[in-house]
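One structure below.
The values are calculated or read from the model by the stated rules, or taken from the named source; none is laboratory data. None of the values given here were measured: they were computed from a predicted structure. Reconstructed Cβ throughout: ideal geometry from the backbone, glycine too, with neighbour counts over all protein chains shown.
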Amino acid sequence: MTLLRPALLLAFCFLSTPVLAHVDPSEHGSFAAGLTHPAFGLDHVLAMIAVGLWAALIGERAIWLLPTGFVSAMVMGYALSLFGVHLPFVEPMILGSVIVLGLMVAAALPLPLGFGVALCAAFGLFHGHAHGGEIGDADWLSFAAGFVLATIVLHACGVLFGFGAKLGLGTDTRRGELATRFLGVVTALSGLYLVSAA
């Protein structure tokens, strides 16, 4: 029962993820296109929530440093894409980020904070480059504002869930940590599934 609630919540997130094409900026606006862009890709959603989960497990400064590292590098990757700078293996790196970040959450190893920030930033760079490659006719600044906000919200969902698992499972914070780590396992397995389906 301890792990059932997080599993059901994660399953609900999968079910509620839109299975539609990206929003047309000419019809809905560039900001809306950017805002919905990460949410329309399960790989983006899983990786970004995993950053928040990992930050919640580490705690303290990691709560804002890991997401900040990811978002900052994501903006850099976006800019590189707009300027025509090619990055190799963008899609494999995005899929790899789901697996690796899921494993980081699952393992909950006491790694140096700098390593965690650097890893999140490295993956964020490729996520941002992918956003830039799919901008279409959208205004670059409004589109960026949209996907940055969406990413921050997804990170916050991960952080809040990580803390919520600790608080919602009573005074035994170990059970809450195990629930969060279980989501890391589910995330990594989902990443493997996405790799096999690609």
If I filter the stretch 76-93 for residues that are in a helix (DSSP H, G or I), hydrophobic (A, V, I, L, M, F, W, C) and under 20 Å from Leu183 (Cα atoms), do I get at least one hit? no
Tally, over the stretch 46-73, of residues that are under 24 Å from Gly164 (Cβ atoms) and either surrounded by fewer than 24 Cβ atoms within 10 Å (Cβ to Cβ) or over 10 Å from the mean Cα position of the chain (by Cα) (or both): 16
When the stretch 28-58 is examined, which residues are found to be farther than 13 Å from Glu134 by Cβ and at pLDDT below 90? His28, Gly29, Ala39
Restricting the first residue to the stretch 92-112 and requiring it to be over 23 Å from Ala198 (Cα atoms) and at pLDDT below 95, which pairs with a second residue that is of a type in the set (A, V, I, L, M, F, W, C) and not in a loop (DSSP other than H, G, I, E, B) meet a Cβ separation below 9 Å and a spacing of at least six or different chains? Ala108/Trp54; Ala108/Leu57; Ala108/Ile58; Pro110/Ile58; Leu111/Ile58; Leu111/Met104; Leu111/Leu119
